[in-house]
Amino acid sequence: MGASKASRLIGRYLQEHDRHVVLADTNRVNLERCRSIGLEAIYADIYSDDLDEYLELNDMGFLLAMTGNDEINKQAIERLGGEFGEHGSFRLINSEKMKSEKELASKELFSKTHDYVKITTVARQYPFIHEIPIDSNDSFSYLLDEIEKDDNAIAIFMKDKNGNIEVLAHTENLTIEKGCRLAYLGKAMDLKNKDTNTLVKEY
């Protein structure tokens, strides 16, 4: 939900990894920008009674509610979240609640450090998604910490050796092993995996 610059970058990354991606928005300019780069995009009002008629969710793995409106994001989770299971729906944090321990504990958050304004700024200034190899829990934690120190970068996905992609909203149950990769949006950072000494690959 939401077809802003950040959503389009994430959508292209997923589509290039053979995922079926649909972006939904009420902003027709955003929708046209999606279609111009080959992304499927539909006009969808989360409050519409007819929403179920034009949203096909059968082959969707997860929901990202990434509009600039916190209430719309929450409504998307409430209305559609049941289709994606307990840990399949994610939303952007509200800037006013970023300091709330209760809010930060939510399993639904796409990021605990970037609200709509911050992630949009990063996407506009640094419209790239990068990947870096991760071989162990230690290297994963190290790289996450390094990325989180920089406001111009945001960790978004973990891709395992089989190509499965996990949203980095909660990391405690992820299995990290050789062949995994961490994907982050934003500025190219001179990161090195302390285990493999391999530089980041820009995707």
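Before I look further, what does the chain give for accessible area per residue, probe 1.4 Å, in whole square angstrom? If you can, show how the numbers build up before the last one.
Numbers: 10650 Å² over 203 residues.
Roughly 52 Å² per residue, with all protein chains present.
In this structure the amide hydrogen of His87, modeled in the peptide plane, comes within under 5 Å of no amide hydrogen from residues 5 or more places off or on another chain.
Amide H contacts under 5 Å for Asp135: Phe140, restricted to partners 5 or more places along the chain or on a different chain, H placed in the peptide plane at 1.01 Å from N. Taking the DSSP bridge list for the chain and keeping only pairs wholly inside it, about 65 percent are antiparallel. Site pair Lys149 and Glu56 shows an inter-label distance of 4.7 nm when each label is modelled 7 Å from Cα along Cα→Cβ.
3J(HN,Hα) along the stretch 2-7, derived from phi through the Karplus expression 6.51 cos²θ - 1.76 cosθ + 1.60 where θ = phi - 60°, amounts to x, 10, 6, 3, 4, 5 Hz, with x in place of Gly and Pro. Where Rh denotes the Kirkwood radius from the mean inverse Cα pair distance, what is Rg over Rh for the stretch 1-63? Using only Cα positions, Rg/Rh for the stretch 1-63 is 0.94. Estimated at 0.36 nm per residue, the fully extended path between His17 and His87 surpasses their Cα-Cα distance by 23.1 nm. Per the Kirkwood formula applied to alpha carbons, the chain shows a radius of gyration over Rh ratio, Rg over Rh, of 0.95.
Phi-derived couplings, Karplus 6.51 cos²θ - 1.76 cosθ + 1.60 at θ = phi - 60°, listed residue by residue for the stretch 114-125: 10, 8, 4, 5, 5, 6, 5, 4, 4, 5, 6, 7 Hz, with x used for Gly and Pro.
The values are calculated or read from the model by the stated rules, or taken from the named source; none is laboratory data. Remember, predicted model here, so these are calculated numbers, not experimental data. Glycine also receives a Cβ, built like all others from the backbone with ideal geometry; neighbour counts cover every protein chain displayed. When the accessible area is computed, the model is the full protein with side chains, heavy atoms only, and any ligands, DNA or RNA have been set aside. Shrake-Rupley method; radii C 1.70, N 1.55, O 1.52, S 1.80 Å.
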